[in-house]
Each structure stands twice: as structure tokens, then as C-alpha cells.
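Colleague: Quick one: this structure, given as C-alpha cells, is what I'll be asking you about.
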Amino acid sequence: MTQIEEASRSTGLREWLLSNEPQSARQARLGRAYATWSAFRENRLAMLGLAIVLLLVVVALFAPLIATHSPNVQALGDRLQPPSAAHWLGTDEFGRDIFSRLVYGSRITLYIVVLVTLTAAPIGLLIGTVAGYAGGWGDAVLMRVTDIFLAFPKLILALAFVSALGPGIENAILAIAITSWPPYARIARAETLTIRNSDFIAAVKLQGASAARIITRHVMPLCLSSLIVRVTLDMAGIILTAAGLGFLGLGAQPPLPEWGAMISAGRRFILDQWWVATIPGIAIFVVSLGFNLLGDGLRDVLDPKHRS
């Protein structure tokens, strides 16, 4: 009897969420979120990407519990040991456990991705919506600045900024953020141009709303879905750019276990002790693939142009 009641309650909740005539704004929002999740979970590759990203977050949060050794303690007597029961993924040239350094390196990767996203996405959203809504010379100036940044390859531009600011993880994050906002501005501007002459925007103007209020309260929320998709897809590029800077010695500095720096240190032993450089490379590949799969899945459910 209990199972029947639970099934009935579950069915009733689902019908309430998917009602074509919601009785409140809260019901409409919850129903839209449920429908989005239902469509997303049907995409197996997207669910795989979500699982990889969640695994990265869990490993980063619980690194001290997951790691089997200290990531920075050197044991020269165990240097360049192959994978074994004592060291699951082997050791590097200083005898440090690669598995533990990989686990702690996930924190650095997540730290870079989150900070770059929180810095670049709002800047791009603000510039794009202001340019698209204002139009005229303001739009021309902002978009020409955006075009200047887009004219340079992201890694090359990031290298230039890091060279000027000096090596270090904070400067690397700042350089990546500076080079990451232009695509977001372009997307936000395109979305704004399609809605700035809409009837509901005209109605809000008639009510006396200022341009700042219209942009922040009405235009920006409508640009978020496209921006979220682009940000998710760009996270793989952020990881690769950070790894490239680390490989060149301009990102996180030793002894921080940054994956790009680990590859750089292990490239000297790639022929004989392949695990030193290969395993961090596999980690970068898997995490980048996870973000790409997640971004593709979000695009399919959030972007109306890609909905079937």
C-alpha cells in the first residue's frame, strides 16, 4: 500500500510539474527546470560529461582523504618508480607520488576554471548587453575593442599578458580571463539585438524603467542560457590554456602539482618512464572531454535552435 501511495504521489508531482497551465510563477519555473533536466538526462554522452565534472569536483573537495601520499614530499630513493601497489600511478623524478599530485592538481584546475569563469563571463555579458542595447557609437567602440582581442589567438595573447605580469597562478588566471571575455560579449550582443525591440521591452520603457534596469533585469536574464552553454564549452579551452602556460613555466610554479607543469617536468623521461608525463596528459584529456560533452548536452536543451 505504501509503494502504491508513493507511486501515486510521484505521478501527481510529475503531472504538477509538467502542467500546461501552471498556477504560479514558482510552479512554472520548477516545471521548466524539470523538463530541462528530463531532456538532458536522455543524452547519455551529456550525462557522462556531467559525471566526469562531478568527479573532478568531488576529488578536489576531498583531496586530503583521497590522496595516498603528500603531494610535495620528496623521496629520492623512490624516484621514477613505475605504477605499483605502493604508488598507484608511479613516482616522478623527485620520488613524489603521481596519483597524489594528480588529486591535488584537480584543485588547481578547478580553481582556475571557476575564477576565470566568474571573471570573464560577467565582463563579457555586461559589455555585450550594453553594446547591443545602446547601439550607435557605443556599440561600435565596444565591438571594435572586442574584435582587437579576437584577432589574436587566445594562448598567444595570454602568453603576452603573463610575460608582462610575471609568472604565477594568479597572473595566469588574470591573463586567461582577459583573453576569454570577447566571445561572451559577442554572444550577449547578438542576443540583445534580437530582443531590444521586443514588445515587452517597449512596455517596460513605458513604465519608466531606466536603461540600466532594463539591461540588468530584463535583457541579461534572457542572455544567460546561451552564455552558460558557451562558458561550459569554453572550460575545456581554459584548462588547455592553463596547462599550456604551466607547461611553459608561466603558470603555477613548483612545487604546485599543476597538470601542465607535471607534463613539462616529465617530458624528459617520456621514452623510458612514460607515466610521468602521460598520466597528467590523460587527466587533462578526460576533464576537457567531460566539459565538452556537458556543454554539448546543455546546448541541446537550452538553445532553442538545437532542440528537436
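Colleague: Take the Cα of Thr36, step 7 Å along the line toward its Cβ, and report every residue of region 198-238 whose backbone nitrogen sits under 15 Å from that point.
Modeller: Residues 220-233 fall inside that zone.
Colleague: Related question: At Asn72 and Leu206, where each label point lies 7 Å from the Cα along Cα→Cβ, what is the point-to-point distance in nanometres?
Modeller: The two pseudo-label positions are separated by 6.4 nm.
Colleague: Then there's this: Relative contact order of the chain, please, whole-number percent, based on alpha carbon pairs below 8 angstrom and at least 6 residues apart.
Modeller: Contact order relative to length: 23 percent.
Colleague: May I pose another question? Can you grab the distance from the C-alpha centre of region 187-223 to the C-alpha centre of region 251-267, Å, no decimals?
Modeller: So the two Cα centres are separated by 46 Å.
Colleague: Which residue, Gln27, Gln81, Gln253, has the most motion in a Gaussian network model of the chain that connects Cα atoms within less than 10 Å?
Modeller: Gln27
Colleague: Taking the 0 to 90 degree range and rounding to the nearest ten, how far is the long axis of helix 154-165 tilted relative to the main principal axis of the chain, both from C-alpha atoms?
Modeller: Between the helix axis and the principal axis of the chain, the angle is about 70 degrees.
Colleague: Specify the residue with the greatest mean-square fluctuation among Ala151, Ala252, Ala236, computed from a Gaussian network of the chain linking alpha-carbon atoms under 10 Å apart.
Modeller: Taking springs between Cα atoms under 10 Å, the residue moving most is Ala151.
Colleague: While we're on this one: What's the angle, to the nearest 10 degrees (0 to 90), between helix 136-150's Cα axis and the longest principal axis of the chain?
Modeller: Helix 136-150 and the main axis of the chain meet at about 20 degrees.
Colleague: Could you tell me which of rounded, prolate or oblate describes region 70-175, using a ≥ b ≥ c as the square roots of the eigenvalues of the alpha-carbon gyration tensor, with rounded for a/c under 1.5 and, failing that, prolate when a/b is larger than b/c and oblate otherwise?
Modeller: Prolate shape, in that a/c is at least 1.5 and a/b is the bigger ratio.
Colleague: Which angle from 0 to 90°, rounded to the nearest 10, does the C-alpha axis of helix 2-17 make with the longest principal axis of the chain?
Modeller: So the helix axis and the longest Cα principal axis differ by about 60 degrees.
Colleague: Also, I was wondering about something else. Can you bin the chain into rounded, prolate or oblate? Criterion: square roots of the alpha carbon gyration tensor eigenvalues sorted a ≥ b ≥ c, rounded for a/c under 1.5, prolate for a/b above b/c, oblate for the rest.
Modeller: Oblate is the answer for the chain, as a/c is 1.5 or above yet b/c matches or exceeds a/b.
Colleague: To continue, here is another question. If I build a Gaussian network model for the chain, linking alpha-carbon pairs within less than 10 angstrom, which residue out of Ala35, Ala175, Ala120 has the largest mean-square fluctuation?
Modeller: Of Ala35, Ala175, Ala120, the Gaussian network model singles out Ala35 as fluctuating most.
Colleague: In the chain, with Lys and Arg counted as +1 and Asp and Glu as -1 at Cβ, which of these residues, Ala209, Tyr133, Gly49, has the Cα nearest the positive end of the dipole, that is, farthest along it?
Modeller: Looking along the dipole axis, the top candidate is Ala209.
Just so you know, all these numbers are worked out from the coordinates, no wet-lab data involved. The structure presented is a predicted model; accordingly, all values stated were derived computationally and were not measured. No Cβ is skipped: glycine too gets one built from the backbone with ideal geometry, and neighbour counts run over all protein chains shown.
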